[in-house]
Amino acid sequence: MSPLPPEHRESVFSDLLSEAGHLEDRLMALDDVPLLLVYTHLTEDESFLREYAPHIKGAWAFEVEDVPELKRRLCKALVATFRDYADSGRPLPPAPAPDLLQRMCDASVGTKVPSEYMPMVLEELNFDRTDAKTVKWRQQPSPEVLENFMVVVIGAGYSGLAMAAKLKDAGIPFTVIEKNPDVGGTWFENTYPGVAVDTPNHFYSYSFRVKPDWEHYFATGDEIIDYIRTCYHEMGVADHMRFEEEVVSAVWDNDSALWHVTVRRKDGSQYRIDANAVVSATGLLNRPAIPDFPGMETFKGPIFHSARWDHSVDLAGKTVVQVGTGASGMQLGPKVAEVAGKLTIFQRSPHWARYNPLLYAQVSDAVKWGLANVPYYNKWYRFQLLWATSDLVLPTLKKDPDWPEHETSLNAANKAIREQLVEHIRKQLNGDEELIAKVIPKFPPYGKRMLRDSNWYSALTRDNVELVAGTVERITESGVVDRDGVEHPADVIILATGFKAQAPLFPMEVIGTNGSIRDHWGEDNPRAHLGITVPEFPNFFILYGPGTNGGHGGSAVYNSECQVRYTMQALREIIERGGGAVDVRKEPFEAYQKLVDDEHARLVWTHPGVNNWYRNKAGRVVTNSPWPLSKYRNLTAEFDPSEYDITPAPSSAEAGETA
Ligand code: N01
């Protein structure tokens, strides 16, 4: 079991003080800002906040100036505060009052945090332990009503498991169908060398299962999958899982108000579950996009996609060609370069990548101790990350219509980011002008997903690495031909070519009251109300659905928790009415699409100089959310029944299973 968070331990202060003379030194090893916020929170004394403010240049720990004397005084004051709490037996305070909270947030990240952000901060950090993200019954339904209800969840990745946890807490019967033999979704499937998160894991994790002892700030794939498995076991949902089974289709039956969900077992046989509601948690990036290069079938060696890594292929000493330089390509390329004899990388177009000194840093035992033992430290650290990785960036992604350098940047702040990125590239590539010219994108920063420099640029300077600009012309028996007709020999070809992100739910057949979801969405135009519901698909909910990918940053886990809460509220609405169906009306649905499209028109992903996987053939951004996290949170915080047609349950409907 995970250890109890410090806020839940009655003897927390006396335990800390039993560290005797060491406590102050132990605190000195922690990050300044979370300590500062803990102190301000526990005492309401803002003097340290004021003293520190000029030294805090940004929201990352490395953006705080080194001020050892000030920190020593802060740590002494904290020890005295802990003693005071221990002696008086006072409980921990609830959330800071609104004005103080605002000042704490502003000072701690070195900039003004919009006041709209505060409800989200309070909810996420859950100081008063109200757990506002958990949906509670307004009228407890009878056991019979609950017993006769059934939800099918498709997928056991991050989102599907969050849904499972909340369904279990509410006592709603459910079954999770997972095509893989284990939980984890994308983190189960992506096992390429170097796979890791690029969002800090202390934030890219469930708000209701905070882990204080992460080994890294940016966890490796192994560490993430371990976390997901631990959560899964602690959630106690194993009895609800069906692994190695795949949903083939879901067909809505109006008469019974049930979804007929056809499931295929590993042996190919099929069975049907009749469910009141279906929650799709199939993810966005799980169907590899395999290019159809001429001659591909003639290649004699192994060829595989980054998300289907063939671990039986030993790359040591081999001549490898890698196609693609997106998030996967940038992580795996430097690792392959370490073992391959030669690595040739095909870069169709360059990506931007930001340097972060914490990317490969290990969390020290001292910091792990602080996260596990100092009350509220973990929470304030999470706030810093929440801000640093998400909404801080979004304003820099808005097009300034009067900006003269609009081809390469969007506004002054975006240009400043561009200059930082270029400077970093120049430093890394040691004045190799030819290479520098190849890797600097012409489009503004963030036009494609902003990547992290995972030793990418330094790998490009290795003697055994060659970067080929442009796409693949064709593949031969023994190599890959570039646009200039030059053949690059290959023993192995790795396709880091991304995913079919514009056809969510594929290849499932989903049929609502008026045809298939494919007819509604066409080949590449998925749309959903708040990214979750689609008119004429009653009681069908999508997690990580259209228009919910966080292009500017943030955490997909955060967004999916918002969607889970909304879905739980919709289910509450249905169940408390004794069953039936909710179907989003076309007017609010269309109004929301317009809001999203109008906002995207102002943002970087519709910049004419960018090609990215966010836009469909018609140029519409279909995958990304244009909203700050706080706005998406506000939009989804309350399920609004007036936006839905609600029909009562037919008298004879019965959920169940048929062979
Ligand atoms: O895929 P991508 P990815 N010929 O689509 C190129 C998440 N993720 O798997 O840029 C030649 O970004 C394509 O070229 P271009 C994250 O959300 C997260 O890397 O389109 N080249 C590009 O270089 C990410 O955004 C992590 O011109 C072709 C590359 O292949 C998303 O997954 C790690 C081509 C595809 O890049 C997808 O990332 C990994 C062709 N026909 C992934 N087709 C984390 O760190 C495509 N390309 C959390």
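Key figures
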read-out	value
Modelled FRET efficiency - R0 30 Å, Asp99 with Glu19, Cβ distances, 0.05 increments	0.35
Rg(Cα) / (2.2 N^0.38 Å) computed for the range 375-465, rounded to two decimals	1.35
Entries of Lys71/Lys335; Lys57/Lys136; Lys71/Lys427; Lys335/Lys379; Lys112/Lys379; Lys133/Lys448 with Cα pairs more than 29 Å apart	Lys71/Lys335; Lys57/Lys136; Lys71/Lys427; Lys335/Lys379; Lys133/Lys448
Counted charge near Ala618, where neighbours are those whose Cβ lies closer than 15 Å (Asp, Glu -1; Lys, Arg +1)	+1
Separation of alpha-carbon centers, the range 308-383 and the range 428-449, rounded to whole Å	19
Area projected by the alpha carbon convex hull of the range 187-287, averaged over all directions, nm²	8.7
Per-selection metrics, the range 119-208 (Cα): Rg and Dmax in Å	16.4, 51
Cα centroid of the range 175-199 to Cα centroid of the range 509-547, whole Å	24
Simple label model, 7 Å out from Cα along Cβ direction - Glu487 to Leu358, nm	5.0
Net lengthening on full extension, Lys266/Asp182 (0.36 nm per residue, minus Cα-Cα)	28.9 nm
Estimated 222 nm signal from helices in the chain, with DSSP H stretches of n ≥ 4 weighted -39500 (n - 2.57), rounded to 500	-10000 deg cm²/dmol
Estimated FRET transfer efficiency when R0 is 51 angstrom, pair Asp253-Asp87 (beta carbons, to 0.05)	0.20
Calculated FRET efficiency for the pair Glu587/Glu297, C-beta based, R₀ 45 Å, to 0.05	0.35
Stretch gain in nm, segment Lys76-Ala316, where the contour uses 0.36 nm per residue and the Cα spacing is subtracted	81.0 nm
Cleavage-rule hits, trypsin sites (Lys or Arg not before Pro), the range 217-281, DSSP coil, Cβ neighbours within 10 Å at most 14	Arg265, Lys266
Of the GluC sites (Glu not before Pro) in the range 159-258, those whose Cβ has at most 13 other Cβ within 10 Å and which sit in DSSP loop	Glu215
Within the range 102-152, chymotrypsin sites (Phe, Trp or Tyr not before Pro) in DSSP loop having at most 15 other beta-carbon neighbours inside 10 Å	Trp137
Using alpha carbons only: equivalent-ellipsoid semi-axes of the range 41-166, gyration tensor based, whole Å	40, 20, 14
Percent antiparallel among DSSP beta bridges (both partners in the chain, rounded to 5)	50
Overall form of the range 352-406 per C-alpha gyration tensor (a/c, 1.5; a/b vs b/c)	oblate
For the range 420-537, the spread of Cα positions along each principal axis, largest first, Å	61, 42, 22
Space enclosed by the convex hull of the alpha-carbon atoms of the chain, per residue, Å³	172
Label-to-label distance, nm, for residues given as Asp640 and Lys617 (7 Å Cα→Cβ offset)	3.5
Distance between modelled label sites at Glu419 and Thr220, nm, 7 Å Cα→Cβ extension	3.9
The range 105-160 - convex hull of the alpha-carbon atoms, volume per residue in Å³	156
The range 8-67 - Rg (one decimal) and Dmax (whole number), Cα, Å	13.3, 36
Whole-angstrom gap from the range 215-293 to the range 456-475, using each part's C-alpha centre	37
Extension reserve of the Asn525-Glu65 stretch, reckoned as 0.36 nm per residue once the Cα distance is removed	160.9 nm
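Values quoted throughout were computed directly from the atomic coordinates according to the rules given, and no laboratory measurement underlies them. Computed from a predicted model, the values in this text were never measured in an experiment. Cβ sites come from the backbone with ideal geometry, for glycine too, and all protein chains shown count toward neighbours.
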